[in-house]
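This report refers to the structure that appears directly beneath it.
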Amino acid sequence: QVQLVESGGGLVQAGGSLRLSCAASGIIVSYNTMAWYRQAPGKQRELVALISSGRTTNYADSVKGRFTISRDNAQNTVFLQMMSLKPEDTAVYYCNVDHWNTNYWGQGTQVTVSS
């Protein structure tokens with residue numbers, strides 16, 4: 001059974017930083033492409049960043065240069081380091097994996113950036 005558990009969200013002032021964690025069980029993160037999505041109120045869920053099994057990374061244009069996705073194989077955990085946060089980064093952030101053609105999501109963690 002695949003489970004993804006996010007943590008690390010919170011309230012931060014504009015310009016601040018947060019690090020989100022996604023602890024995985026039932027899969028090996030280093031064997032999969034892992035992703036972070038976010039959904040702001042009234043908006044569609046959007047891809048923020050992903051990391052492939054070969055450690056290739058991709059980012060949404062809106063977060064390039066500010067966010068970094070990484071993983072710790074020993075902890076079987078994926079991270080999203082967010083810096084220079086803006087109010088428009090406010091959203092629920094979700095961890096995601098497409099494993100054997102099944103999409104799995106975590107419960108989400110709220111990130112709120114105040115101006």
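Output the residues belonging to the range 24-42 that are of a type outside the set (Ser, Thr, Tyr) and open to solvent by less than 70 Å² (accessible area, probe 1.4 Å).
Of everything in the range 24-42, those that are of a type outside the set (Ser, Thr, Tyr) and open to solvent by less than 70 Å² (accessible area, probe 1.4 Å) turn out to be Ala24, Gly26, Ile27, Val29, Asn32, Met34, Ala35, Trp36, Arg38, Gln39, Ala40.
What single numbered condition from (1) closer than 16 Å to Val111 by Cβ; (2) of a type outside the set (A, V, I, L, M); (3) modelled with pLDDT of 95 or more fails to hold for Pro41?
All conditions pass for Pro41, except number (3).
Go through the range 1-107 and tell me which strands (runs of 3 or more DSSP E), entirely inside it, have 2 or more residues that are under 15 Å from the mean Cα position of the chain (by Cα).
Qualifying strands (runs of 3 or more DSSP E): 3-7, 18-25, 34-39, 46-51, 57-59, 67-72, 77-82, 91-99, 102-105.
Residue-wise test of (1) modelled with pLDDT of 95 or more; (2) in contact with a helix residue (DSSP H, G or I) (Cβ under 6 Å, 6 or more places away or on another chain); (3) farther than 19 Å from Ser7 by Cβ.
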residue: Ile27; (1), (2), (3): yes, no, no
residue: Tyr59; (1), (2), (3): yes, no, yes
residue: Gln75; (1), (2), (3): yes, no, no
residue: Gln81; (1), (2), (3): yes, no, no
residue: Tyr94; (1), (2), (3): yes, no, no
residue: Gln110; (1), (2), (3): yes, no, no
residue: Val113; (1), (2), (3): yes, yes, no
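Hey, Gly16 hits all of (1) touching a residue at least 60 places away in the same chain (Cβ under 8 Å); (2) of a type outside the set (A, V, I, L, M); (3) in contact with a Lys or Arg (Cβ under 9 Å, 6 or more places away or on another chain) but one; which does it fall short on?
Gly16 satisfies every listed condition except (3).
How many of the residues in the range 43-102 are under 20 Å from Gly16 (Cα atoms), open to solvent by 50 Å² or more (accessible area, probe 1.4 Å) and among the hydroxyl-bearing types (Ser, Thr, Tyr)?
4
Report yes if some residue within the range 4-15 is open to solvent by 60 Å² or more (accessible area, probe 1.4 Å), among the charged types (D, E, K, R) and modelled with pLDDT of 95 or more; otherwise report no.
Within the range 4-15 (the criterion being open to solvent by 60 Å² or more (accessible area, probe 1.4 Å), among the charged types (D, E, K, R) and modelled with pLDDT of 95 or more), the answer is no, since none of the residues qualifies.
The values are calculated or read from the model by the stated rules, or taken from the named source; none is laboratory data. Here the structure is a predicted model, which is why all the values come from computation and not from measurement. Methodologically, a virtual Cβ is constructed for each residue, glycine included, from the backbone with ideal geometry; neighbour enumeration extends over all protein chains shown. When the accessible area is computed, the model is the full protein with side chains, heavy atoms only, and any ligands, DNA or RNA have been set aside. Shrake-Rupley method; radii C 1.70, N 1.55, O 1.52, S 1.80 Å.
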